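Asker: Okay, handing you the structure first.
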Amino acid sequence: MAEQNVQNGGAAEKVAPVSLITVTECHPRLSIKAPNGEGAIKFYVAVLGAVELERETDLKRKADQERPYIYSAKLKLGSFTFLVTESDSLVDSGEGEVDGGFKQGFNLLLTVVDVDAAVSKAVQAGAAAVGEIKTGGAFFGDEQRWAQIKDPFGICWFFVTPLEKKAAVPEAPVTV
């Protein structure tokens with residue numbers, strides 16, 4: 001076993017035990033270079049039998065662009081769901097850091113109970129936080145807190161916590 005560890009990059013490092021992150025859902029997210037997201041979704045539906053469950057788009061896309069940008073489309077394959085996202089800032093697969101975009105391919109999105117705790121635990125275990133914890137934004141809407149980490153193996157993970165929706169306060173009737 002020690003010989004195998006050396007072949008795979010050196011001696012095994014000891015990782016300090018941390019408490020587990022409570023995950024409630026896992027959605028693999030396929031990042032597709034814009035404007036190919038629509039074609040990818042059609043392919044997954046036609047070829048794999050996926051069913052599109054929901055879609056979030058940017059309706060404020062520039063006038064010279066013919067269709068809305070796909071922030072996130074949720075598809076279902078059997079009992080499995082995954083997300084398709086478009087990005088203008090994708091770079092082709094390869095080694096090295098990505099400046100301002102995602103690598104072509106996928107990253108994993110985990111819905112967690114507490115984003116702050118999940119990031120803290122991941123960083124304690126050797127991951128690197130990518131940016132700050134945010135509320136809302138392009139991919140996640142205003143109703144979610146989210147953060148991105150890169151694990152020690154180069155995989156990008158998003159932790160997302162839905163915010164509790166505030167009940168609408170009924171307006172008092174206006175009498176004239």
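No lab work stands behind these numbers, since they all come straight from the coordinates. Not measured: the values here are computed from a predicted model.
Asker: What does the extension gain come out to for Ala129 and Leu108, with contour length at 0.36 nm per residue minus their alpha carbon separation? Provide the component values of the computation, followed by the final result.
Answerer: Numbers: separation 21, 0.36 × 21 = 7.56 nm, distance 1.45 nm.
Taking 0.36 nm per residue and subtracting the Cα distance, the gain is 6.1 nm.
Asker: Report the gain in length on full extension from Phe43 to Leu163: 0.36 nm times residue separation, minus Cα-Cα distance, nm rounded to one decimal.
Answerer: On the way: separation 120, 0.36 × 120 = 43.20 nm, distance 3.27 nm.
Working it through step by step, the gained length comes to 39.9 nm.
Asker: Per residue of segment 117-132, what does 6.51 cos²θ - 1.76 cosθ + 1.60 with θ = phi - 60° give for ³J(HN,Hα)? Whole Hz please, x for Gly and Pro, Karplus curve as stated.
Answerer: Using θ = phi - 60°, the values come out as 5, 5, 5, 4, 5, 5, 5, 4, 8, x, 7, 10, 6, 10, x, 9 Hz.
Asker: Karplus couplings for segment 156-164 from phi (6.51 cos²θ - 1.76 cosθ + 1.60, θ = phi - 60°), rounded to Hz, Gly and Pro as x?
Answerer: 8, 10, 10, 9, 10, 10, x, 7, 5
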